[in-house]
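Read the structure below first, then the notes.
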Amino acid sequence: MSAISFGDMAASLRNMRMMAQVKQDLDRYNYEVASGEKYDLAEAVSGDFTPLASIERALRILSSYDTAIQEASLFATAMQTSFESVSTHVEELSSTLLTASTNADATSVSVAATDARTRFDAVVSTLNTRIGDRSMLSGTATGKTSLMSADDMMAELLTAVSGATTVEDVEIIVEDWFLSVGGGYETVAYQGSANTLSPFSLGEDETVRMDITALDESVRETLKGLALASLVDEGVFENDVSAQASLLRSSGEALMGAQSGLADLQARVGSVEARIEEASLANTAMTYSYETAKSEIISADAYEAASMLTQTETQLQLMYTLTARMSQLSLADYL
């Protein structure tokens, strides 16, 4: 039986095709081992990219929700921290003021009033907290600081009470300034907007509102209480320790009353934080589900890809070896 053999040209072309195929396979398995993804996605999805496109679209939407959730969480956390700080100042100072008013001696009154003035500065600064480039308690006017500075506010109050001759007069003026509609606090001290922030989006058809501003009555009650004692430090009734002690008592009582309002604010923010946490967990779970589904479509079998890579490397080395040996053949060696 006669043997059928390839001519030199045919053998050369065959070897070139085999070499090209092996190199292509090598690229494929190198990619799959390195990336963990299939080399030919079109083959993996049988030419139908619709399911994969839907999954990627869902992941992009979930990613945008995650960004919104993080922003809402940061905002709520900062607000909660601020109210906790204010509440601590109020709780500590109220008892100090009541004790000083009971003692009614010049030293106790002076020390307590100075403490109140320092805490007034701290509370105003806390209420003016900014989160990034957004003011926390300014409503929709996030570019503006919520309140004027503590020094400017105190200057306004000193002007307002300059004609007062009794403790009752000062108390009425300060209460009107802080709590009355159209009073000094609303028209001068507060620099934000009367419109509250738009709801934060946490997911499809799910939002939370953080609609607390520095116009909130609890905030105003707190500042009123702090201001009454701070006026003593500014020299109101400077030569009348008894009158100053009365103002400190009124201040302490006002701050005691403000504590429940601050607790309500903290509870409201805490409720929002809980909803944000729930939304975050749900978003994370959904993201994991979609990523798992995507992985099942595009992920290569790591063990199979590594095995095929080793096999292809061996095949390529063998082809190079055979080619090298054939290139060394000569007619003289054959004869």
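Looking at the range 134-176, which of the residues that are surrounded by 19 or more Cβ atoms within 10 Å (Cβ to Cβ) and touching a Gly at 6+ places or on another chain (Cβ under 7 Å) is nearest to Ser82 (Cα to Cα)?
Filtering the range 134-176 for residues that are surrounded by 19 or more Cβ atoms within 10 Å (Cβ to Cβ) and touching a Gly at 6+ places or on another chain (Cβ under 7 Å), the one nearest to Ser82 (Cα to Cα) comes out as Leu137.
Mind checking whether some residue in the range 222-235 is open to solvent by less than 50 Å² (accessible area, probe 1.4 Å), on the phi < 0 side of the Ramachandran plot, charged (D, E, K, R) and more than 27 Å from the chain's Cα centre (by Cα)?
Filtering the range 222-235 down to residues open to solvent by less than 50 Å² (accessible area, probe 1.4 Å) leaves 222-232, 235.
From the residues that got through so far, the ones that are on the phi < 0 side of the Ramachandran plot too are 222-232.
Now narrow it down to the ones that are charged (D, E, K, R): 224.
Subset that is more than 27 Å from the chain's Cα centre (by Cα): 224.
Taking every residue of the range 222-235 in turn, at least one turns out to be open to solvent by less than 50 Å² (accessible area, probe 1.4 Å), on the phi < 0 side of the Ramachandran plot, charged (D, E, K, R) and more than 27 Å from the chain's Cα centre (by Cα).
Go through the range 179-196 and give me each residue that's polar (S, T, N, Q), under 21 Å from Met210 (Cβ atoms) and either open to solvent by 40 Å² or more (accessible area, probe 1.4 Å) or in contact with a Pro (Cβ under 8 Å, 6 or more places away or on another chain) (or both). Talk me through it step by step, then tell me what you get.
Narrowing the range 179-196 to residues polar (S, T, N, Q): 180, 187, 191, 193, 195-196.
Subset that is under 21 Å from Met210 (Cβ atoms): 191, 193, 195-196.
If the condition is that a residue be polar (S, T, N, Q), under 21 Å from Met210 (Cβ atoms) and either open to solvent by 40 Å² or more (accessible area, probe 1.4 Å) or in contact with a Pro (Cβ under 8 Å, 6 or more places away or on another chain) (or both), then Gln191, Asn195, Thr196 are the ones that fit.
Please count how many residues of the range 48-62 are among the polar types (S, T, N, Q) and either surrounded by 12 or more Cβ atoms within 10 Å (Cβ to Cβ) or at positive phi (or both).
Just the residues of the range 48-62 that are among the polar types (S, T, N, Q), to begin with: 50, 54.
Pick out the ones that are also either surrounded by 12 or more Cβ atoms within 10 Å (Cβ to Cβ) or at positive phi (or both) and you get 54.
Of the residues in the range 48-62, 1 are among the polar types (S, T, N, Q) and either surrounded by 12 or more Cβ atoms within 10 Å (Cβ to Cβ) or at positive phi (or both).
Determine which member of the set Ser271, Ser218, Ser280 is open to solvent by 20 Å² or more (accessible area, probe 1.4 Å), without any contact (Cβ under 8 Å) to a residue 40 or more places away in the chain and under 36 Å from the mean Cα position of the chain (by Cα).
Working: Ser218 fails: without any contact (Cβ under 8 Å) to a residue 40 or more places away in the chain; Ser280 fails: without any contact (Cβ under 8 Å) to a residue 40 or more places away in the chain.
So the residue among Ser271, Ser218, Ser280 that is open to solvent by 20 Å² or more (accessible area, probe 1.4 Å), without any contact (Cβ under 8 Å) to a residue 40 or more places away in the chain and under 36 Å from the mean Cα position of the chain (by Cα) is Ser271.
Residue by residue through the range 249-268, note down the ones that are farther than 17 Å from Phe178 by Cα and either outside any helix (DSSP H, G or I) or open to solvent by less than 20 Å² (accessible area, probe 1.4 Å) (or both).
Leu265
So, of the residues in the range 124-133 that are at pLDDT 95 or above and either of a type in the set (Phe, Trp, Tyr) or in contact with a helix residue (DSSP H, G or I) (Cβ under 6 Å, 6 or more places away or on another chain) (or both), which turns out to be least open to solvent (accessible area, probe 1.4 Å)?
Once the filter is applied, the top-ranked residue is Val124.
Filter the range 93-123 for residues that are under 30 Å from Ile276 (Cβ atoms) and either open to solvent by less than 10 Å² (accessible area, probe 1.4 Å) or at pLDDT below 95 (or both) and give the result.
Val123
The values are calculated or read from the model by the stated rules, or taken from the named source; none is laboratory data. Since we're looking at a predicted model, the values are computed, not measured. Heads up, the Cβs are rebuilt from the backbone with ideal geometry, glycines too, and the neighbour counts pull from every protein chain shown. Quick note on the areas: whole protein, heavy atoms, side chains included, nothing else; ligands and nucleic acids left out. Shrake-Rupley method; radii C 1.70, N 1.55, O 1.52, S 1.80 Å.
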